[in-house]
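Report on the following structure.
The values are calculated or read from the model by the stated rules, or taken from the named source; none is laboratory data. Keep in mind the model is a prediction, meaning the values are calculated, not measured. No Cβ is skipped: glycine too gets one built from the backbone with ideal geometry, and neighbour counts run over all protein chains shown. Note: accessible area is taken over every heavy atom of the protein model, side chains too, but ligands, DNA and RNA are not part of it. Shrake-Rupley method; radii C 1.70, N 1.55, O 1.52, S 1.80 Å.
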Amino acid sequence: LLNIYRSDERPVRPEEVTEKTITTTLQGLNVIREQGKGLMEFVESYRKLTRMPKPERKYFKVIDLYSRVQLLTGSLEKGRHTEILFHPENSDLQIFADENLISLVLLNLIKNAVEANEKNPGCIINIFTGDGPDGKPEICVSDNGPGISKENLEEIFIPFFTTREKGSGIGLS
């Protein structure tokens, strides 16, 4: 959102603000509010129980999830040539899940892919959704980077496991 209101390191003038800018800002602020609320609930649950919060599942459209995650990934520090592409197979596809937790998982998967590809000048991160082989909705995140080592593959969902020096290990767990 800060980038929308800055141009060449100066604040944009009021006459430069368009209706699209206002709409994007309102969407962004709503996502920040919802994500912040979800994060606070997540952290509070960890503090109280040191285990995952009980998911609050509901049906929601994957396309809305994409919009939310796209806004959130806009703030990631990514390489100049990093592309994050969203591919909804079906714009009406709905999933029954906790939207806040799924947003956190997707954001962390994308963040991990960006970090793992920091030396990959042509990094492409793809997020696909559609029906899986069993007919149930599926979300897949892939990139053209080095991949997860075989010894770490079984560990990535264990709380507090990390391979990063400054990582917390709570992102995927």
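Can you tell me which residues in the range 81-102 are of a type in the set (Val, Ile, Thr) and either part of a strand (DSSP E or B) or more than 20 Å from Ile125 (Cβ to Cβ) (or both)?
Across the range 81-102, the qualifying residues are Ile84, Ile95.
Hey, could you check the range 81-109 for residues that are of a type outside the set (A, V, I, L, M, F, W, C) and within 14 Å of Glu56 (Cβ to Cβ) and say which is surrounded by the fewest Cβ atoms within 10 Å (Cβ to Cβ)?
Filtering the range 81-109 down to residues of a type outside the set (A, V, I, L, M, F, W, C) leaves 81-83, 87-92, 94, 98-100, 103, 108.
Subsequent filtering for residues that are within 14 Å of Glu56 (Cβ to Cβ) retains 98-100, 103.
Working: Asp98: 17, Glu99: 20, Asn100: 19, Ser103: 20.
Among them, the one singled out is Asp98.
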- Note on the structure: Note on the range 3-47: residues open to solvent by 90 Å² or more (accessible area, probe 1.4 Å), within 20 Å of Asn108 (Cβ to Cβ) and of a type outside the set (Lys, Arg) are Ile32, Met40
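Considering each of Phe161, Phe157 in turn, give the residue that is of a type in the set (Phe, Trp, Tyr) and open to solvent by 80 Å² or more (accessible area, probe 1.4 Å). Quick ask: steps written out before the conclusion?
Details: Phe161 fails: open to solvent by 80 Å² or more (accessible area, probe 1.4 Å).
Phe157 is the lone residue from the list that is of a type in the set (Phe, Trp, Tyr) and open to solvent by 80 Å² or more (accessible area, probe 1.4 Å).
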